[in-house]
Amino acid sequence: MDVAIAIILGTVLIGAYVAVIVYAITQIRREPTLNSSERTVWILAVIFFPLMAGFVWLLMGPHPLGLRIDQTRTPRS
């Protein structure tokens, strides 16, 4: 019986973990103030560092400390 409870609890926790990651990625994709480079960075951060990226997103928002990724390119001579 203890093994069954552990399996059920583990399944619920893994399901909740995946749901939170999917929710975070959905919120990142819908954020209008992010450009494509910033979205990519945030999505990769959530995938590879889910706890840290989640806390930063929740506490500081999509542009922590005012950081932005500029997409303008200067022509090379």
Of everything in the range 1-45 that's acidic (Asp, Glu) and assigned to a helix (DSSP H, G or I), which residue is nearest to residue 62 (Cα to Cα)? 38
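May I ask you to list the residues in the range 29-60 that are loosely packed, with under 11 Cβ neighbours inside 10 Å, at pLDDT below 90 and either on the phi > 0 side of the Ramachandran plot or within 11 Å of the chain's Cα centre (by Cα) (or both)?
In the first step, residues of the range 29-60 are kept if they are loosely packed, with under 11 Cβ neighbours inside 10 Å; the result is 30, 32-33, 36, 48, 51, 58-59.
Going one step further and asking which of them are at pLDDT below 90, we end up with 32-33, 36, 51, 58-59.
If the condition is that a residue be loosely packed, with under 11 Cβ neighbours inside 10 Å, at pLDDT below 90 and either on the phi > 0 side of the Ramachandran plot or within 11 Å of the chain's Cα centre (by Cα) (or both), then 51, 58 are the ones that fit.
The values are calculated or read from the model by the stated rules, or taken from the named source; none is laboratory data. As the structure is a computational prediction, the values presented were derived from the model and not from experiment. Using ideal geometry, Cβ is built from the backbone for each residue, glycine included, and neighbour counts are taken over all protein chains shown.
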